[in-house]
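Some notes on the structure that comes next.
The values are calculated or read from the model by the stated rules, or taken from the named source; none is laboratory data. As the structure is a prediction and not an experimental result, all values here were calculated from the model. So basically every Cβ, Gly included, is an ideal-geometry build from the backbone, and we count neighbours across all protein chains shown.
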Amino acid sequence: MSKSKENAIPIGNAIKSINISKTYISGEVKVQALKKINFKVKNGERLVILGPSGSGKTTLLNLLGGITNPDKKKGSLNIFGKTIHSYNQKQLTDYRRERIGFIFQFFNLFPALNALDNVIIGIDLLKKKLKSDLHSLEIATDYLEKVGLADRIFHYPSQLSGGEQQRVAIARALAKIPFVGRNFLLLCDEPTGNLDTETSDKILDLIIKLNETEGITCILVTHNLHIAEKFATSIIHLRDGFIEN
């Protein structure tokens, strides 16, 4: 196979949501967070989910990430050709491990581990599951270099700036790709919410660059129009659980 074909982004939809809803129940109280959500995302796209607080953005991201399930017997959620809305808990665990990278506004690094070990700990679990002969140390080092931290790999989170910690989190999320390929979703929940404007722009530029070079599909949740316009190749607007036209 030619190198160009090996590096080609898979043709087709990464995500296809048809009439997906999500209802939370607490005692006798029912809250419908999402209401018949319909949208498609092509492989390699950068989709922004834009909307005010309480609009259902994070709920939708959690559905895509397999953290929670949509309402049963209503609609379908298809990701990389798989109907994940019917997955059981074990299948969802495997799906999250093998197809999803999460980046949050809180970096969620292990404070007792340096940058290198924070990346290795995530991919070692995947390596054991897939019985891969890839070298975790080499892959972790490579992705930390990709995010511009070649000279900071042995630093601990307390020794890194907020922007550098977010870069470690990005490297940790993307270091799964050599194991699983480009059928991979990078899910970003307000990833620059705790960063200043200059650092925020640099992080967005970095994710855009990695999206283009790695060929993965990116979903970013925000309420910030500037971020949406800078990052997105497509945008959906959520309000009160509905997608606005």
TODO: Starting from the stretch 35-52, take each residue that is farther than 15 Å from SER17 by Cβ and list its partners that are outside any loop (DSSP other than H, G, I, E, B) and among the charged types (D, E, K, R), counting only C-beta distances under 6 angstrom and pairs at least six apart or across chains.
DONE: GLY51/LYS57; GLY51/ARG239
- [ ] State all residues of the stretch 35-45 that are closer than 16 Å to LEU186 by Cα and buried (at least 22 other Cβ atoms within 10 Å of the Cβ); if no residue qualifies, say none.
- [x] VAL41
TODO: Go through the residues of the stretch 128-146 one by one and say whether even a single one is farther than 26 Å from SER200 by Cβ, of a type outside the set (A, V, I, L, M, F, W, C), under 16 Å from the mean Cα position of the chain (by Cα) and part of a helix (DSSP H, G or I).
DONE: no
Open item on the list: ASP71 - would you say it is touching a Lys or Arg at 6+ places or on another chain (Cβ under 7 Å) and either part of a loop (DSSP other than H, G, I, E, B) or closer than 21 Å to LYS176 by Cα (or both)?
Closed with: yes
TODO: Have a look at LEU220, LEU186, LEU204, LEU210 and point out the one that is in a helix (DSSP H, G or I), in contact (Cβ under 8 Å) with a residue 40 or more places away in the chain and either touching a Leu at 6+ places or on another chain (Cβ under 9 Å) or closer than 30 Å to LYS82 by Cβ (or both).
DONE: LEU210
Task: Conditions (1) modelled with pLDDT under 90; (2) within 28 Å of LEU204 (Cα to Cα); number of the one not met by PHE102 - done: (1)
TODO: For the stretch 128-179, name all the residues that are surrounded by 14 or more Cβ atoms within 10 Å (Cβ to Cβ) and on the phi > 0 side of the Ramachandran plot.
DONE: GLY148
Task: Residue check, THR68 out of contact with any helix residue (DSSP H, G or I) (no Cβ under 7 Å at 6 or more places or on another chain), β-branched (Val, Ile, Thr) and modelled with pLDDT under 95 - done: no
- [ ] Report, by residue number, each residue of the stretch 148-160 that is in contact with a Leu (Cβ under 9 Å, 6 or more places away or on another chain) and not in a helix (DSSP H, G or I).
- [x] GLY148, LEU149, ALA150, ARG152, ILE153, PHE154, HIS155, TYR156, LEU160
Task: the stretch 82-94: number of residues that are of a type outside the set (Val, Ile, Thr) and either in a strand (DSSP E or B) or touching a residue at least 24 places away in the same chain (Cβ under 8 Å) (or both) - done: 4
Task: Matching residues, the stretch 13-58, being within 11 Å of LEU238 (Cα to Cα) and either in a strand (DSSP E or B) or among the hydroxyl-bearing types (Ser, Thr, Tyr) (or both) - done: ALA33, LEU34, LYS35, ILE37, VAL48, ILE49, LEU50, SER53, SER55, THR58
TODO: With respect to PHE107, determine if the residue is closer than 25 Å to HIS223 by Cα, out of contact with any Asp or Glu (no Cβ under 7 Å at 6 or more places or on another chain) and buried (at least 17 other Cβ atoms within 10 Å of the Cβ).
DONE: yes
